[in-house]
There are 2 protein chains.
Amino acid sequence: MVNPNELRRKALAATKEKVKAAYTGKDSLIVQTVNAIDDLEKISNSLAMRAREWYSLYFPELDRAVPDHFTYMTLVTILRTRDKFKADAIKKLTEIDPKKIESLTINSMGADLSEKDLKPILDYCSKTKEALEEKAGLESYLETLMNEAAKNLYTVAGAKLGGKLIAHTGSLRRLALMPSSTIQIIGAEKALFKHIKTGKKGPKHGLIFQSPYISSEKKEVRGKIARAVAAKISMAAKEDFFKGKFIGDQLVKDLEKRIAEIKAN
Amino acid sequence: MVNPNELRRKALAATKEKVKAAYTGKDSLIVQTVNAIDDLEKISNSLAMRAREWYSLYFPELDRAVPDHFTYMTLVTILRTRDKFKADAIKKLTEIDPKKIESLTINSMGADLSEKDLKPILDYCSKTKEALEEKAGLESYLETLMNEAAKNLYTVAGAKLGGKLIAHTGSLRRLALMPSSTIQIIGAEKALFKHIKTGKKGPKHGLIFQSPYISSEKKEVRGKIARAVAAKISMAAKEDFFKGKFIGDQLVKDLEKRIAEIKAN
């Protein structure tokens, strides 16, 4: 007779192995990376707003002059105090008119904060800069991941959109097995259910709207183009999942031809 | 006749000086610091959740074993890979049973990630740790600020609650000029308006519920204690704003006496 304990031990070990194997695919890494980038997008925005508001106690005029978060944080963390905002130093850090920024320091309405009170503000600005860098780093890591795990999808949809589609469906497998009409409206579930419930017009595109093929076009043709893009994405994902060959370039060529046809009519 | 341009210049300069003076008070620093701590609270939580989920692809068993975020991030960023989770090394970093944590590495269900795929995860964990440290740093800076700008309020309510009251009202001046019955329900505006509109029971405490004098007591006496705490906070804020003397210790003594009376009845 088989020892039940031995049987249990073996079954457990086999299950663990299976779970491990399921995790070992690149899919889960892609999902986590996409979600982390999403989080960091919100986080760095929230950090930047607070950092700007806080440093504005000291140098309020800078806020409107430098709209880009990364440039703002770079200027602040390197120059630190108003008296260091000289055209020569500014010129090395940004393309914005350095003379104009320097002129803002004259008669600034900001409070004259002590070194001790400036320190936590500058620390916060530096953390904000790091969060923006972290996000950029993860975006380039996502490119690598997508290029390794789903090269066709990567070529047709790009790392960001391709990654989001995998994250939204949960795995490359599920994406590959989806009909292209579903892929077309992934991320527009709310509009879809409204359509089903009330008979209002259905959504023409979900997440894939982020594809420049769609978002850069006129409203009238977007629905048709979305259908074409979804079809190619579906083919790319199937090819990737079933370890087919690289057909990304051909898919892009076909897609661009099809879009030209749609626009011609 | 006065040159109108000269007049305009002078008026502008005078206004700028006034704005500058208004910002130079410690109030605005307190408000920003309190809000930054609030932001970092949310941010570090969101980072920690993502970091845990992500590292769990590699070492899922660790998540439940180490509930504290800071300890988790410390362990992960220092030990990095499962084979380094040895009792001796763990013992130096946490009080949690090191043998138990070491045992989790045997037969871990986590995927065997490459060095390249572990790197972004460990980076993310290290950013999470830094956010937690940043928050702790700002909390101790807030203590300094409150001790300088509102020593009485600091003594009666603590840095966190005192700072939140200033941030919520906008300035120490506004807090000082408020009746203590208003201070009692700052932060419970929603419940207050519901009370006015529907005649439901009014709120007994808002933000000041965070005072350990109130939150640690039984529900029946909290309303009365909240009134006493609000009264002392109001006196403390008035004394601080009008640059009176230090009466914090006396206020605390009186408050504790009053609370003992309330509880005795």
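Each other copy places its own label point for B:ALA136 at 3.0 nm from this one, sorted shortest first, where the point lies 7 Å along the Cα-to-beta carbon line. Charge tally for A:SER181 (other residues, Cβ to Cβ under 12 Å; Lys, Arg +1; Asp, Glu -1): +2.
Normalising the Debye intensity of chain B to I(0), with uniform scatterers on Cα atoms only, and taking log10 at q = 0.17 Å⁻¹ returns -1.14. Put a plus charge on the Cβ of each Lys and Arg, a minus charge on the Cβ of each Asp and Glu, and nothing anywhere else: the dipole of the stretch A:1-92 about its Cα centre is then about 400 debye. Across identical copies of the chain, B:GLU41 has label-point separations of 2.7 nm, listed in ascending order, with the point defined 7 angstrom from Cα along Cα→Cβ.
Of the residues A:THR94, A:THR77, A:THR15, the one that moves most in a GNM of chain A with alpha-carbon contacts below 10 Å is A:THR15.
Remark on the stretch A:151-264: hydrodynamic radius 14.2 angstrom, per the Kirkwood mean of 1/r across alpha carbon pairs. Expressed as an acute angle from 0 to 90° and rounded to the nearest 10, what is the orientation of the C-alpha long axis of helix A:189-198 relative to the principal long axis of chain A? On a 0 to 90 degree scale, this one is about 60. For the rotational copy relationship between A and B, the axis lies nearest to a chain A beta carbon, identified with its distance in whole angstrom as A:ILE43, 3. Taking N as the residue count of the protein assembly as shown, its C-alpha radius of gyration divided by 2.2 N^0.38 Å amounts to 1.24.
Arranged by the count of other C-beta atoms within 10 angstrom, fewest first, what order do A:MET73, B:MET235, A:MET49 take?
By the 10 Å Cβ count, ascending, the order reads A:MET49, B:MET235, A:MET73.
With the gyration tensor restricted to C-alpha atoms of the stretch A:14-142, the semi-axes of the equivalent ellipsoid amount to 40, 15, 10 Å, longest first. The Cα atoms of the stretch B:104-218 cover 62, 40, 26 Å along the three principal axes, with the biggest extent listed first. Sparse packing (at most 10 other Cβ atoms within 10 Å of the Cβ) combined with a DSSP loop state is found for the following chymotrypsin sites (Phe, Trp or Tyr not before Pro) in the stretch B:158-265: B:PHE242. Rounded to the nearest 10 degrees, the angle from helix A:4-24 to the longest Cα principal axis of chain A is 60 degrees. Its DSSP H runs of at least 4 residues, each contributing -39,500 (n - 2.57), put the calculated 222 nm mean residue ellipticity of chain B at -24000 deg cm²/dmol, to the nearest 500. Amide H to amide H, with H built 1.01 Å from N, A:GLY206 comes under 5 Å of A:ILE185, A:ILE186, counting only residues 5 or more places away or on other chains. Taking trypsin sites (Lys or Arg not before Pro) across the stretch A:127-206, the ones in a DSSP loop with at most 11 further Cβ atoms lying within 10 angstrom of their Cβ are A:LYS200, A:LYS201.
Mean separation of Cα pairs under 8 Å and 6 or more residues apart, divided by the residue count, gives the stretch A:171-230 a relative contact order of 34 percent.
Enumerate by residue number the trypsin sites (Lys or Arg not before Pro) in the stretch B:215-259 meeting two conditions: DSSP loop (anything except H, G, I, E, B), and at most 15 other Cβ atoms within 10 Å of the site's Cβ.
B:LYS218, B:LYS243, B:LYS245
Annotation for the stretch A:194-229 versus the stretch B:115-181: alpha-carbon center distance of 46 Å. Just want the answer: with Cβ charges of +1 for Lys and Arg and -1 for Asp and Glu, which residue in B:LEU175, B:LEU145, B:TYR72 is farthest toward the dipole's positive end in chain B? Positive-most Cα among the choices belongs to B:LEU175. Helix B:248-264 and the longest principal axis of the Cα set of chain B meet at an angle near 80°. Residue by residue, the stretch B:131-143 carries 3J(HN,Hα) couplings of 5, 5, 5, 4, 4, 4, x, 5, 5, 6, 5, 4, 4 Hz when phi is fed to the Karplus relation 6.51 cos²θ - 1.76 cosθ + 1.60 (θ = phi - 60°); x denotes Gly or Pro.
Which net charge results when you count Lys and Arg as +1 and Asp and Glu as -1 among the other residues whose beta-carbon is under 9 Å from that of A:PHE246? Value of the local net charge: 0.
Every number here is computed from the coordinates shown, using simple stated rules; none is lab data. Treat the numbers as computed from the prediction; the structure is a model and nothing was measured. Cβ: placed from backbone, ideal geometry, glycine included. Neighbour counts: every protein chain shown.
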